[in-house]
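The values are calculated or read from the model by the stated rules, or taken from the named source; none is laboratory data. Worth saying up front: this structure is predicted, and the values here are computed from it rather than measured. With ideal geometry, Cβ positions are generated from the backbone for all residues, glycine too; neighbour counts draw on all protein chains shown. Side chains included, ligands, DNA and RNA excluded: accessible areas come from the protein's heavy atoms. Shrake-Rupley method; radii C 1.70, N 1.55, O 1.52, S 1.80 Å.
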Amino acid sequence: MNYIITFLLAIVNAMLINNVTLSRFYGICPFLGVSKKSSSALGMGAAVLCVTLVAAIICWPIYNFILVPAGIPFMDTITYILVIASLVQLIEMIIKKYSPSLYKALGVYLPLITTNCAVLGVAQGNTDQALSFADSMANAIGTGLGFAIVIFVFSTIRYRLDSSNTPRAFKGIPIALITAALMAMAFLGLSGLI
């Protein structure tokens with residue numbers, strides 16, 4: 001029972017308290033690019049969650065059972081990029097087949113998940129911090145959920161901002177960056193909670 005609580009707290013920590021999008025600005029490209037519509041934001045959040053989780057499931061044993069015993073742990077980043085690129089191609093094919101409208105809405109940002117530093121950051125962080133497999137999964141789930149929550153909330157805020165009377169100099173990306181900074185400060189208020 002205590003282990004389950006620890007696992008859930010690790011997810012909440014990665015999701016809200018140490019949200020990589022707002023604390024390290026990992027994944028800022030799709031965060032700004034896909035957040036104009038809530039449906040696209042949810043689709044991107046779900047895709048990032050899937051890729052992050054499956055990449056963590058695959059990368060952890062590759063690092064611990066292949067790269068380290070072979071004496072080549074320095075090859076981890078290249079290996080992770082190859083794993084993530086393969087997963088993104090697979091998810092891209094699935095979305096294209098089952099949801100063409102979402103595939104079209106995500107556009108160029110779907111292949112960019114390959115280079116999304118949030119996904120790579122989770123895989124790299126799991127090995128850099130020498131997390132156990134369960135802790136790696138909690139970190140991956142929390143990071144993916146955190147990205148999905150933040151991009152969805154940001155999309156709803158941007159929707160309201162687009163219809164508001166924003167000064168001309170702040171329209172578009174400038175007000176989006178200011179909003180992201182305010183969200184980051186709000187999430188910073190959660191630090192020290194766990």
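Identify all residues within the stretch 139-188 that are under 10 Å from Leu16 (Cα atoms) and modelled with pLDDT under 90; write none if there are none. Can you show your working first?
Applying the first criterion (under 10 Å from Leu16 (Cα atoms)) to the stretch 139-188 yields 142-143, 145-147, 149-150, 187-188.
Scanning the stretch 139-188 gives Phe187, Leu188.
Looking at (1) under 22 Å from Gly27 (Cα atoms); (2) buried (at least 18 other Cβ atoms within 10 Å of the Cβ), which is the one condition that is false for Val108?
For Val108, the exception is condition (2).
Going through the stretch 14-49 one residue at a time, which ones are within 15 Å of Gly142 (Cβ to Cβ), among the polar types (S, T, N, Q) and open to solvent by less than 50 Å² (accessible area, probe 1.4 Å)?
Answer for the stretch 14-49, where residues must be within 15 Å of Gly142 (Cβ to Cβ), among the polar types (S, T, N, Q) and open to solvent by less than 50 Å² (accessible area, probe 1.4 Å): Asn19, Thr21.
Quick check: is even one residue across the stretch 122-145 of a type in the set (Asp, Glu) and crowded, with 16+ Cβ neighbours inside 10 Å? Even if it seems obvious, please write down each step before you answer.
Of the residues in the stretch 122-145, the ones of a type in the set (Asp, Glu) are 128, 135.
Subset that is crowded, with 16+ Cβ neighbours inside 10 Å: 135.
Checking the stretch 122-145: at least one residue is of a type in the set (Asp, Glu) and crowded, with 16+ Cβ neighbours inside 10 Å.
Can you tell me which of (1) modelled with pLDDT of 90 or more; (2) surrounded by fewer than 17 Cβ atoms within 10 Å (Cβ to Cβ) is the one Cys59 doesn't meet?
The one condition Cys59 does not meet is (2).
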